[in-house]
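See structure below.
Readers should treat all values here as calculations from the given coordinates under stated rules, not as data from a laboratory. Computed from a prediction, not measured in an experiment: that's the story for all the values here. Quick reminder, even Gly has a Cβ in these numbers, built from the backbone with ideal geometry, and neighbours come from all protein chains shown.
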Amino acid sequence: MMMRFALLFAVLVLMPVAGFAGGGETVKPPHHHWHFSGVNGTYDKAALQRGYKVYREVCASCHSMKQLSFRNLTDLGYDESQVKAIVGEYTVMDGPNDEGEMFERPARPSDQFPSPFENDKAAAYANGGALPPDLSLIIKARHHGPDYVHALLTGYKDAPHDAHLLEGQHWNKYMPGHVIAMAPPLSDGQVAYEDGSPDTVDQYASDVVQFLTWAGDPYMETRKRTGMKVIIFLLVFAGVMYGVKRKIWSDVH
Amino acid sequence: MGSGERVEFDNKVVNWIDERLPLFTLMQKEYGVFPTPRNFNYFWNFGAIAMFMLIAMIATGIFLAMNYTPHVDMAFDSVERIDRDVNWGWMLRDIHMNGGSFFFIAVYIHIFRGMYYGSYKKPRELLWILGVVIFLLMMATAFMGYVLPWGQMSYWGATVITNLFSAIPFVGDSIVTLLWGGFSIDNPTLNRFFALHYLMPFVILAVVFLHVWALHICGSNNPSGIEPKGKQDTLPFHPYYTMKDTFGLLVFLVIFCVFVFYAPDYLGHPDNYKEANALVTPAHIVPEWYFLPFYAILRAITFDIGIPFTEITIISAKLGGVISMFGSIGLLLILPWLDTHPIRSARYRPKYKFFLLVFLAVFCMLGYVGSQSADAVFFGLPMTLIGILCTTYYYGFFLVIIPWLNNTEKGKDLPKSIHDAVLKTEREKA
Amino acid sequence: MAAGSKSIDHDDEGETRRDFLFLTAGSFGAVGAGVVAWPFVSSMNPAADTLALSTTEVPLDKIPKGQSITVMWQGKPVFVRHRTDKEIEEARAVNQAELSDKQDDSERIKENKDEWLVVVGICTHLGCVPVGQKTSQSKGEYGGWFCPCHGSHYDTSGRIRKGPAPKNLAVPPYEFLSDTLIKIG
């Protein structure tokens, strides 16, 4: 009976796995083992800090991250004074003041990451009609998120002869349909790392993926730790209950 | 209720309350000494598990609602705020999100249990029908709940499903406008879906109460499908089944927690982490997994039904799909009158058992078909063909196979009593 | 409930072990239920974004002597008053014995910043906002604020002088970032 139930359960659970199809031709991104993968996986804080540097110096010129605030940066291992130093580089629009005017003021840790464009329309207009998506949840919003984004960032190739690319379009192996409006964003040596990590596109991509994964799922470490406690508690409790159940049923069988 | 003899309790306070409002007598009679067949297997845990999941959904839902904003401009961000800023908000949301799926898992197993052991047969027809009503209410609740995060799948799922009603002749479009409160899914729609999503679980709770009441009038069915004939066939509900249910529930919760804490988004769709956009339809719209079999039946009807050799269409493909989808659930409602075979349990009906297991496989296959895009191919066969074949079997099982078995299946000899059945299986084991 | 367990209590040797098992199971259930309640209760406390917004900066250079402004801090009105010399003197001259909530004016301001009084603009009685911020409004019998709900009078140091309010207007935590800028919170 338990076997049959397990089988049924497996069928029910596995059903949605099969349900995946994207627009246009998709290539499954190569699988990486990430620092955050697995039951005990944690964020590599040095990689998060490097990834944030890549985001700040490269991605942030087009992509917003509206769900994040500067105060969240303490998660990356920065202390409060380091966060203040980062915040000090930004100003934000605030207001209206008593005269009804908007004004610029120095950013505070409680402020959201500033967006590069005033609104989505302005962002799309400045990018030839293609809206650069907000990156706060980009990893969660894609199938095989971390692998996909890494593959996309490193997947720019010369277009095959039969591909028809319009002005401002690029060929990427892993983009569904292969046509992407974003120009190759990373090049070797583009961001200067201070900790001696290699200044390569692959390293940049992998660091920024780890940063973006954190951005979409900042509570992952707490979640896994809590889960471990809860599941161990439930397993022991279930064991005790099994004993209780057997004791009670012992005179029936 | 309230009639009949009271139980005397040792505790004076309990007794004082019970003399005035016999709550404790009720508990004692219905959950304490309530005579329950002694031969339940673990399939009988899922009613209690489903009940637990309903309570868990209501509890987490109420606290999530305290932090959720049902407005098109703020809904998506307010859900993100729950995940990021609200204390333990991520956990409440992960429990609620996956709790929906696990509630359905428990209920699907519960329904299948009912079909396998003939629990819908006389005198439990109304009990079964109330169960189907709960299932329908759950589907409505889950559908509206999925709209609330205001992601792309929320928006487009809502668009597609509400548009089903436009298939109704003459009044369809007016009904859709009424559901939307406008001319597309928009803020009024989100607001009313939130209001109803908050209300419906309490309606479900009320119907569950009726479901349990009806159960306690006629008593539980059991794996042998024969009624208890005396004391030797039953056990008091407590402690035998309270403890067994608790154990089963804990095992279920372990699996549930693996999803909540280690794969919270596994059962969801990535597109729902993109904010709703009325201008961009996702490449492939899929409902939540628990709707997939019915979604496949909806899509299976791709042809108009008309009078042969004329151009006259009676039922358009769209209406046909809608009818066949709702009809597939409607069949469950009349199942007690389709299956009039005197033997309840599939244990003693090998033919019924065979066709039922095929039905289960077909139902899962329909789920797979529902998850695939319409132009997909399965082992060289077009997915639409598999969809229509499975739908045909689904209907055939209820409307042809079951009535046919009523007259032709003789079945195995039934044991004299539950007690005999238990002794027999134990002898076989030994 | 007793009926069920009595019927199965027949072997005495197993009884201790059984009792121990039942007790363990019961405690697991109780502890589990208790621990599960915590996240629910805790979710009602201020969220991280709410806590992060707990400071407000106020420039002082545009407040003339004798006038006050109202700013929002943590969703509450905060009164910032630029006191005149006369008001400061009145605040200092009060006989402590007359006060129901005894506090010297110097405890309610920052050192050498006598002219600035910063108080939470919420009456300590039942939470109304006292009047007296605008020059056109009554400042009560003691020249500070007057709460129209139940008639509490506050003086030029924000101390309760007359009426049902039990305590002085609260002084929020704040600091001078410069001579013309304070940070509340």
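Derived scalar couplings between HN and Hα for the stretch A:224-231 equal 5, 5, 4, x, 4, 5, 4, 5 Hz in order, rounded to whole Hz, by the Karplus curve 6.51 cos²θ - 1.76 cosθ + 1.60 (θ = phi - 60°), x for Gly and Pro.
Here the 3J(HN,Hα) profile of the stretch B:345-355, calculated from phi with Karplus coefficients 6.51, -1.76 and 1.60 at θ = phi - 60°, is 6, 5, 4, 10, 10, x, 5, 4, 4, 4, 5 Hz, Gly and Pro shown as x.
Label separation (A:E167 vs C:R17): 8.6 nm, computed from points 7 Å beyond Cα along the C-beta direction. The sum of -39500 (n - 2.57) across all DSSP H runs of n ≥ 4, divided by the residue count of chain C, sets its helix-only mean residue ellipticity at 222 nm to -8000 deg cm²/dmol.
Looking at the P(r) of the protein assembly as shown, how many percent of alpha-carbon pairs lie beyond 57 Å? So the pairs more than 57 Å apart make up 26 percent of the total in the protein assembly as shown. Estimated translational diffusion coefficient (Stokes-Einstein, Kirkwood radius over Cα pairs, 25 °C, 0.890 mPa s) of chain B: 102 µm² per second.
Computed 3J(HN,Hα) for the stretch B:267-279, one whole-Hz value per residue from the Karplus formula 6.51 cos²θ - 1.76 cosθ + 1.60 where θ = phi - 60°, is 8, x, 10, x, 4, 7, 8, 9, 5, 3, 9, 5, 9, glycine and proline marked x.
Considering only C:T50, C:Q74, C:A37, whose Cα is most displaced toward the positive end of the charge dipole of chain C, charges sitting on Cβ of Lys, Arg (+1) and Asp, Glu (-1)? Farthest along the dipole direction, towards plus: C:Q74.
Using C-alpha pairs below 8 Å separated by at least 6 residues, the relative contact order for chain C is 19 percent. Put +1 on the Cβ of every Lys and Arg and -1 on every Asp and Glu Cβ in chain B; which of B:L279, B:A430, B:P336 then has its Cα farthest towards the positive end of the dipole? Most positive-ward Cα: B:A430. Exposed loop sites, defined as GluC sites (Glu not before Pro) outside DSSP H, G, I, E and B with at most 14 other Cβ atoms within 10 Å, are absent from the longest region of chain C, namely C:14-110. Placing pseudo-labels 7 Å out from each Cα toward the beta carbon at C:V36 and C:L181 gives an inter-label distance of 5.1 nm. In plain terms, the chain from B:D413 to B:F326 could stretch by 27.6 nm, reckoned as 0.36 nm per residue minus the Cα-Cα distance. The calculated FRET efficiency for B:K429 paired with A:V236, based on their beta-carbon distance and R0 = 41 Å, is about 0.90.
Below 18 Å, Cα to Cα, which lysines can A:K224 reach? Residues fewer than 8 away in the same chain don't count. Candidates past the 8-residue exclusion: A:K45, A:K140. When chain B is treated as a Gaussian network with alpha carbon springs shorter than 10 Å, the biggest mean-square fluctuation among B:L215, B:L164, B:L199 belongs to B:L199. Structural descriptor for chain B: relative contact order 21 percent, calculated from alpha carbon pairs under 8 angstrom and at least 6 residues apart.
Choose one answer from B:E19, B:E30, B:E311: the residue with the largest mean-square fluctuation in a GNM of chain B with alpha-carbon springs under 10 Å. Looking only at B:E19, B:E30, B:E311, the biggest GNM fluctuation is shown by B:E311.
If the only charges are +1 at each Lys and Arg Cβ and -1 at each Asp and Glu Cβ, what is the size of the charge dipole of the protein assembly as shown around the Cα centre, to the nearest 20 debye?
Working: 74 positive and 85 negative charges, 726 e Å.
Value, rounded to 20: 3480 debye.
Springs join every pair of Cα atoms under 10 Å in this Gaussian network model of chain A, and among A:S187, A:S81, A:S64 the largest mean-square fluctuation is at A:S81. In the stretch A:131-253, the C-alpha radius of gyration followed by the widest Cα-Cα span (Dmax) gives 24.3, 81 angstrom. Within the same chain, lysines fewer than 8 places from B:K412 are excluded, and of the rest, those with a Cα less than 16 Å from its Cα are B:K351, B:K353, B:K424. I'd like the FRET efficiency for B:F309 and B:F183, computed as 1/(1 + (r/R0)^6) with the beta carbon distance as r and R0 of 41 Å, rounded to 0.05. My answer for the efficiency is 0.55.
Residues whose amide H comes within less than 5 Å of that of B:L235, counting only those at least five positions distant or on another chain, are B:T36, B:R38 (H built at 1.01 Å from N in the peptide plane). Distances between placed amide hydrogens fall under 5 Å for B:V86 paired with C:A48, all partners being 5 or more residues away or on another chain. Applying the criteria of a DSSP loop state and at most 14 other Cβ atoms within 10 Å to the GluC sites (Glu not before Pro) of the stretch A:101-131 yields A:E101, A:E118.
Restricting the chymotrypsin sites (Phe, Trp or Tyr not before Pro) of the stretch B:143-207 to loop positions (DSSP other than H, G, I, E, B) with no more than 16 neighbouring Cβ atoms within 10 Å leaves B:F170, B:F183. Loop-resident trypsin sites (Lys or Arg not before Pro) (DSSP state other than H, G, I, E or B) in the stretch B:164-267 with no more than 16 further Cβ atoms inside 10 Å of their Cβ: B:K229. Look at the stretch A:228-234: the mean tally of other chain Cβ atoms within 10 Å of its residues' Cβ atoms is 6. Relative intensity of the stretch C:50-184 on a log10 scale, I(q)/I(0) at q = 0.18 Å⁻¹, equals -0.98, per a Debye sum over C-alpha point scatterers of equal strength in the absence of solvent.
Based on C-alpha pairs under 8 angstrom that are at least 6 apart in sequence, the stretch A:141-223 has a relative contact order of 25 percent. Under the convention that each Lys and Arg Cβ holds +1 and each Asp and Glu Cβ holds -1, the size of the dipole of chain A around its Cα centre is about 1780 debye.
Considering the dipole of the protein assembly as shown built from charges on the beta carbon (Lys and Arg +1, Asp and Glu -1) around the Cα centre, which of B:Y146, B:N222, B:I62 is farthest to its positive end? Value computed over the given set: B:N222.
Pairs from the table (A:K66/A:K157; A:K247/B:K29; B:K122/B:K318; B:K244/B:K410; A:K84/A:K229; B:K29/B:K122) lying more than 29 angstrom apart at Cα are A:K66/A:K157; B:K122/B:K318; B:K244/B:K410; A:K84/A:K229. Neighbour counts of C-beta atoms inside 10 Å place C:C128, A:C59 in the sequence C:C128, A:C59, starting with the fewest.
Amide H contacts of A:Y90: A:A107, each under 5 Å away and 5 or more positions distant or on a separate chain (H built 1.01 Å from N in the peptide plane; Pro and chain starts excluded). In this structure, A:D251 and B:V358 have a Cβ-Cβ separation that, at R0 = 56 Å, corresponds to a calculated FRET efficiency of about 0.85.
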